[in-house]
Amino acid sequence: MCNHHQPNSSDVAAESATTQLDDHLAPCPVMPGRVANKAKAEAAGLYREYDGNQYWLCCAPCGRLWDADPAKYAAA
């Protein structure tokens, strides 16, 4: 669970428990241990490109944190 927001029914709780990522899931670079459903993240505007790489974020608060310092999270 993100420590910066409370989950709700639209969160990707099922994906959080996934231990093996498939082509539809990606690790959230802001919240280690959380994953994002790529299609849902893209539909919600939680997709970023940085330094030639693609990143999907698990929630809106992660999007704001990423936007404030993408180099920090891309390096993680």
Check: Non-local amide H neighbours of Leu25 (under 5 Å, H modeled in plane, Pro and chain starts lacking H): which ones?
Finding: Lys38
Next item on the list: Search the structure for amide H atoms under 5 Å from the amide H of Val35, placed 1.01 Å from N in the peptide plane, and list their residues when 5 or more places away or on another chain.
Entry: Ser16, Cys28
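A short reminder: the numbers here are calculations on the coordinates, not readings from a lab. Quantities reported herein were computed from a predicted structural model and do not represent experimental measurements.
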